[in-house]
1. Within segment 351-374, what residues put their amide N at less than 19 Å from the label point 7 Å along the Cα-to-Cβ vector of Glu13?
2. How fast does segment 149-227 diffuse by Stokes-Einstein, in µm²/s, taking the Kirkwood radius from C-alpha pairs at 20 °C and 1.002 mPa s?
3. How do 288-295, 307-314 rank on mean C-beta neighbours within 10 Å, highest first?
4. Per the chain: cysteines with no other Cys C-beta under 4.7 angstrom?
5. Normalising by the residue count of segment 262-357, find the relative contact order in percent from Cα pairs under 8 Å and 6+ residues apart.
6. Mean shadow of segment 120-274, computed from the convex hull of its alpha carbons, in nm²?
7. If you build the Cα gyration tensor of segment 389-464 and take the root of 5 times each eigenvalue, what three semi-axes come out, in whole angstrom, biggest first?
8. For segment 126-195, what's the relative contact order in percent, using C-alpha pairs closer than 8 Å and at least 6 residues apart?
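Values quoted throughout were computed directly from the atomic coordinates according to the rules given, and no laboratory measurement underlies them. As the structure is a computational prediction, the values presented were derived from the model and not from experiment. Neighbour counts run over all protein chains shown; Cβ positions are idealised from the backbone, glycine included.
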Amino acid sequence: MNNSTLATINHPEISKYTRAESIKYAEQLLIKMTLNEKIGQLFQLAPSNANIEGLAWQEKADVQQLIASGMAGSILSVAGAENTYQLQKIAVEQSRLGIPLFFGYDIIHGCSTGFPINLAMACSFDSELVEKACQAMAFESAHLGISLTFSPMVDLVRDPRWGRVMESNGEDPYLNTILAKAYVNGFQQHDLSSYNSVAACCKHFVAYGAVEGGREYNTVDMSERELRQYHLPGYKACVDAGVSSIMTSFNIYNGVPATANEFLLRDVLRNEWQFSGFTISDYTSSYEMLDHKTAANEKEVARQSILAGLDHEMVATTYIKYLQELITEGRVSESLIDEACLRILAFKYQVGLFDNPYKNIYHNSHEYQLLPSTRNLAREVASKSVVLLKNTNNMLPIATNKKIAVIGPFANSNQVVGAWGGLVKNESCITLVDGLRAQYATHEIVYATGCNINGNDRSGFADAI
């Protein structure tokens, strides 16, 4: 694409809509929309160039047709000026009402600049520092055209075998609530219309860290008292901080899938907490109802989800396939679609997409990435996330006549970004061995693999020992 079609760096004024104002304008737009267009706003599309694996739409023509016909409300895992511009241009110029898309991305512990994993940041016990880190992540993300990040994850950890522990704040409910607010405030900066902020999405609602056996997508069975005393406070802290959206979890809670759980999504979230943002499923979590045998087919999945209060479906297509049919049959009221669509439209007004659909989409947006100040902040966060050990027998600092042995398969690997590293590239990282050799140039540093992470080969033990 010719970069001249993109804007230069400029920040036209964006209205700061109150919640009431955004609802008013959304209601005026809703009246003009067809039922299909309203249903389309409830779908998050993953196009072929999305940075994910799985159910991305592989045919470019299908993606263009969906957007042009108003059958997509947002885009998953696409960032960067050229990519976002092309998709937004279709929505604004080819769809009947020109309703802009919003772009969601998993900016969890870094965008272009890598920060420590979330569990490590929690080890700092410094909420102000975490908030500053999130401001920096938001700055980079926003200037790549990202509207919303799927963070923070405030699931309380109850089993170290769970594969997403690294993305959590740990096991303490109090620390979890304090850091939850820091994440939301850092990302959103109390101004969704800002060119330097992104909306936050609190996840995974509810109690995903308590899955049985630490197994992903598994069941969660617990008393309501335990749920309220330990698990709900983190999510409630996000709501109190004004989080824009809530993501439902893959698991079932006491026999009912979180994505179709009316007790959670309506009784607790809407009625008790007065949450006014929108809810979104996790990646195809709607389909988990089929695996958990709580819905017979995709049509029933759509019915259960919309009745329970799910507003936006991530990648799964049960809404765009079956909601119109369910309304025609009288099994779902159109008012539920209006309710969900209204929240999506109001969000788009609040983040400024109706004032400037191409917000933060310009050819030299790379100039906002990897700034020295951001890299310095990442180093500060890393240093304060380190858990110090006792300096027994004054081993540190290491004397120049000492040899340093480094052992293990990961010590000589640059695969150090970790899960959910945003746009950070392992190729740009250095290995632990190379880092030590650069830092301790006068020391002799020896390295041995020892063993691999898979298998039982012990042939490297001798060198390591």
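1. Inside the label zone: 351-360.
2. The Stokes-Einstein estimate is 159 µm²/s.
3. Per-residue mean Cβ counts within 10 Å order the peptides as 307-314, 288-295.
4. Result for the chain is Cys111, Cys123, Cys134, Cys201, Cys341, Cys429, Cys451, no neighbouring Cys Cβ within the cutoff.
5. Here the relative contact order equals 30 percent.
6. Convex hull of Cα atoms, orientation-averaged projection: 8.6 nm².
7. 24, 20, 12
8. Relative contact order of segment 126-195: 49 percent.
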